[in-house]
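Note sheet for the following structure.
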Amino acid sequence: MRINEIFCSIQGEGRYTGTPAVFIRTSGCNLHCAFCDTRHQEGWEMTVEEIVVAAASYKPRHAVITGGEPSLQRDLPQLVDALHEVGFYVQIETNGTHLLPHTIDWVTCSPKVLAETVVLEPHELKAVFQGQDMQPIEQMFHPQVWSLQPCDTGDVQRNATILQAAIQYTLSHPQWHLSLQTHKLIGVQ
C-alpha cells in the first residue's frame, strides 16, 4: 500500500470529534479538489503488516484510514481485517467514488462529484459546504449522521461568511450537524 503518513492525534471532524485515534493517511486521490488541505501525493510503499505494526505502536485503538482516497489502495480489505485482528475500531474517510469493504466499522463519506459517487449509505455524510444547494445531496444519501463542514478556503473573511451560512443552514435543516475542523482550531495535526 502507498502510505503518506501514520500518526496519532485527536479526530477533529464529524461524529468522532475529540476521539484519540491513529491516522493512516494513504497517498493519491482520483479527485483534485481546489479546496483540499491535505498534501497526500507523496508516500512510500508499506505492507499491511508494517502498517499494522506502526499503528499498534500507539495507544488508541480507533484507526482512521484517510487520504487522499483510501479506496484506491488494492490491499484495503486486508488492512481493515488486520487492524480488526489487533483490536482496532476502523473508520474510513472517503470521497465515495469506489466501493469499500463491508467490514469497516464507520464510513464517513465526503462526496465531491455526485455523479461519480457509489457509496450512498455511509454511516456519516460529511458535506464540505460553500453555500451550495444541498438538496441534491439530501435526496441522494441516507446516512445515520449528517455533518455539514464549512469549507476552509484559506481566506479568513470568506471562511467567516461560509461559517455563518453553514450555521444558518443547520438551524433551518436540523438533520445536519455543524462539523468544524476542530483539529485546526486546537492546533493539532
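The values are calculated or read from the model by the stated rules, or taken from the named source; none is laboratory data. Everything numeric in this text was worked out from a predicted model, so none of it was measured. Here the Cβ positions follow ideal geometry from the backbone for every residue, glycine too, while neighbour counts run over all protein chains shown.
Quick look at the numbers
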| item | result |
| --- | --- |
| Residues (under 15 Å from E13 (Cβ atoms) and either aromatic (F, W, Y) or in a strand (DSSP E or B) (or both)) located in the stretch 80-99 | Q91, I92, E93, T94 |
| Matching residues in the stretch 160-185 - criterion: being of a type in the set (S, T, N, Q) and over 15 Å from the mean Cα position of the chain (by Cα) | T161, Q164, Q168, T170, S172, Q175 |
| Some residue of the stretch 102-112 being hydrophobic (A, V, I, L, M, F, W, C), within 16 Å of the chain's Cα centre (by Cα), part of a loop (DSSP other than H, G, I, E, B) and modelled with pLDDT under 95 | no |
| Filter result for L148 (touching a Lys or Arg at 6+ places or on another chain (Cβ under 9 Å) and either within 30 Å of C8 (Cα to Cα) or at pLDDT below 95 (or both)) | yes |
| Subset of the stretch 113-127 that is crowded, with 19+ Cβ neighbours inside 10 Å and in contact with a strand residue (DSSP E or B) (Cβ under 6 Å, 6 or more places away or on another chain) - its residue that is modelled with the lowest pLDDT | V119 |
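Let's see how each residue does on (1) at pLDDT 95 or above; (2) surrounded by fewer than 16 Cβ atoms within 10 Å (Cβ to Cβ); (3) in a helix (DSSP H, G or I):
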position: I6; (1), (2), (3): yes, no, no
position: H32; (1), (2), (3): no, yes, no
position: F35; (1), (2), (3): no, yes, no
position: R39; (1), (2), (3): no, yes, no
position: I51; (1), (2), (3): yes, no, yes
position: A55; (1), (2), (3): yes, no, yes
position: Y58; (1), (2), (3): yes, no, no
position: A63; (1), (2), (3): yes, no, no
position: Q78; (1), (2), (3): yes, no, yes
